[in-house]
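The values are calculated or read from the model by the stated rules, or taken from the named source; none is laboratory data. Quantities reported herein were computed from a predicted structural model and do not represent experimental measurements. Here Cβ is always computed from backbone atoms with ideal geometry, including for glycine, and neighbour counts include all displayed protein chains.
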C-alpha cells in the first residue's frame, strides 16, 4: 500500500486539509482505561486507512519520512479519533512498496476518543513497535462511562502486557469510591463477552482508599475487581469518623463496606498487635 499525496493548503468547504494514509499495521491500540474497556486507534481492520485533517495544512517530508499536520489536527480511523494542535506520524517503507507508521507524536491539547472512552493530555507518544503509549503534560485523564483515572506525571498503556500505569499522585474514581497512590497499575483481560475488562489493580506508595464511610491508608494495595476486596499492606490505618484501627495488613470489601485489620506476624508469635482508638460520643 502507498501513502496518499501531500496536502499543504486548506479545503474551503471543510476549513481543513485532509489526507488518507493506508497502513499495514494490524492492531494499533492507543489507550486503555484502568477500569473499563480499552481504546483502540484502529477501527475497521488493518487495511482501513487513517484520515488526517488539519486546519493549517499537512506536510509530507519525504526525506525525513514523516507526515506533519498542524492546526486543530485530527487523525481518524473507524470510530476512534486523535486530536492535537500538532500531529506527527513517522513512517518507513515496506518491501512490498507500502508504508508502516512506527511512531506517532501528538502535541498540545491531546484528546483521544472512542465510543465510551476519552483520554486527555498535553503530549502523547505512541511507540508502535513496542505497543506503548505515553500521555503526559498537566493532569492527564482517562474518562469512561463509569470511571475516571487521573495522574499528574503520565499515563502509560502497555499493549503487549495488557497493562495501564498511572504515575504521580494517581487516582481512580468510581461513584463514591476513590483509590489513589503515587503509582497505579491495572491489568485487564477478555471477559466472557469478549470485551477487555480490568480484573486487578495494584497501588504503590502513599496508598489511600476513600469510600462514603471509610478512609484507609497503607504502603501498598491490591484490588480484586471481581470480588471487590482490596488488600492493604504496610503501615495500615483505617479511619471511620473519630475511630481508628492500625495494623500491618487489612482487607476492605468495597462492595459491602466490611473491613478486617490484622497485626504483624502469626497469632501468638509475639508480633505487633492491631491497635484501635474508639472515641466515645459525648453526651450533651
Please specify each residue of region 227-258 satisfying the condition of being surrounded by fewer than 16 Cβ atoms within 10 Å (Cβ to Cβ) and touching a residue at least 40 places away in the same chain (Cβ under 8 Å). 257
For residues that are over 20 Å from residue 225 (Cα atoms) and either in the same structural domain as residue 89 (by TED's automatic domain parsing) or under 10 Å from the mean Cα position of the chain (by Cα) (or both), scanning just region 140-155, find the one that is surrounded by the fewest Cβ atoms within 10 Å (Cβ to Cβ). 141
Suppose the filter is out of contact with any helix residue (DSSP H, G or I) (no Cβ under 7 Å at 6 or more places or on another chain) and more than 30 Å from residue 178 (Cα to Cα); does residue 121 pass it? no
Assuming residue 30 fulfils every condition listed in (1) at pLDDT 85 or above; (2) in a loop (DSSP other than H, G, I, E, B) apart from one, which condition is it? (1)
Output the residue which, of all residues in region 55-70 that are without any contact (Cβ under 8 Å) to a residue 40 or more places away in the chain and part of a strand (DSSP E or B), is surrounded by the fewest Cβ atoms within 10 Å (Cβ to Cβ). 61
Across region 172-226, what is the number of residues that are over 14 Å from residue 147 (Cβ atoms), in a loop (DSSP other than H, G, I, E, B) and touching a residue at least 12 places away in the same chain (Cβ under 8 Å)? 6
If you take the residues in region 104-139 that are free of Cβ contacts under 8 Å to residues at least 60 places away in the same chain and within 18 Å of residue 171 (Cβ to Cβ), which one is surrounded by the most Cβ atoms within 10 Å (Cβ to Cβ)? 121
